[in-house]
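I have placed the structure first, in the form of structure tokens, so that the comments after it can refer back to it.
Read-outs: derived from the displayed coordinates by stated rules, not from any lab. This structure is a prediction, so every number in the text was calculated from the model and none was measured. When we count neighbours, we look across all protein chains shown, and the Cβ atoms used for this are built from the backbone with ideal geometry, even at glycine.
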């Protein structure tokens with residue numbers, strides 16, 4: 001079981017069997033409340049989702065410098081480490097407590113049931129049977 005955000009970031013050789021429908025969150029761009037929400041070339045974006053972040057901004061024609069952080073990402077703009085952050089958000093309360101606001105949602109994520117793409121056919125069938133039981 002893994003979040004869709006991790007699947008997209010790491011792009012592992014996994015087969016996604018099912019969206020389990022729990023663990024909902026959004027991967028969002030956030031900035032200082034009341035600050036500029038305009039994207040510019042060479043801006044710094046703090047995140048642990050470096051690949052998704054670069055792809056997202058590149059799709060908008062903006063090249064960014066990523067600052068890879070783990071944990072407490074929302075303090076990066078306050079410390080002058082970044083102009084924006086890209087982080088997982090559930091309620092938005094942590095952003096608000098740190099003087100940030102959501103600018104844009106990149107993706108929505110939930111827990112996914114996954115398996116190695118090289119899984120044997122018999123094991124794959126067993127997993128599908130378990131999914132059928134869960135769906136009943």
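Under the rule of -39500 (n - 2.57) per DSSP H run of 4 or more residues, summed and divided by the residues of the chain, what mean residue ellipticity at 222 nm is obtained, to the nearest 500 deg cm²/dmol?
Taken over the chain, the calculation gives -7500 deg cm²/dmol.
So what is the relative contact order for segment 63-136, in percent, with contacts set as C-alpha pairs under 8 Å and at least six apart? Walk me through the intermediate numbers first.
On the way: 20 pairs, mean separation 13.1, N = 74.
Here the relative contact order equals 18 percent.
Quote to one decimal, in nm, the extra length available between residue 132 and residue 110 on full extension: 0.36 nm per residue of separation minus the C-alpha distance between them.
Numbers: separation 22, 0.36 × 22 = 7.92 nm, distance 1.92 nm.
6.0 nm is the gain from fully extending residue 132 to residue 110.
Just the Cα atoms of segment 87-136: what Rg and Dmax do they give in Å?
Answer for segment 87-136, Rg first and Dmax second: 18.5, 52 Å.
Of all the C-alpha pairs in the chain, what % are more than 17 Å from each other?
Working: 5747 of 9180 pairs.
Percentage above 17 Å: 63.
Assuming 0.36 nm per residue, please report the length gained on full extension of the stretch residue 2 to residue 81 beyond their Cα-Cα distance.
25.5 nm
Ranked by Cβ crowding within 10 angstrom, fewest neighbours first, how are 57, 49 ordered? Intermediate values should be presented prior to the final figure.
Working: 57 21, 49 24.
In increasing order of surrounding Cβ atoms, one gets 57, 49.
Just to confirm my numbers, what's the Cα centroid distance between segment 1-15 and segment 57-122 in Å?
Using only Cα atoms, the two centres lie 14 Å from each other.
From the square roots a ≥ b ≥ c of the eigenvalues of the alpha-carbon gyration tensor of segment 26-106, which class results: rounded (a/c under 1.5), prolate (a/b over b/c), or oblate?
On the way: a/c = 1.44, a/b = 1.37, b/c = 1.05.
Taking the square roots of the gyration eigenvalues as a ≥ b ≥ c, segment 26-106 is rounded.
So what is the relative contact order for the chain, in percent, with contacts set as C-alpha pairs under 8 Å and at least six apart?
Values: 237 pairs, mean separation 57.4, N = 136.
Taking the mean separation of contacting Cα pairs over the length of the chain, I get 42 percent.
With an 8 Å cut-off on Cα pairs and a minimum separation of 6 or more residues, tell me the relative contact order of segment 26-106 in percent.
Values: 152 pairs, mean separation 39.4, N = 81.
Computed value for segment 26-106: 49 percent relative contact order.
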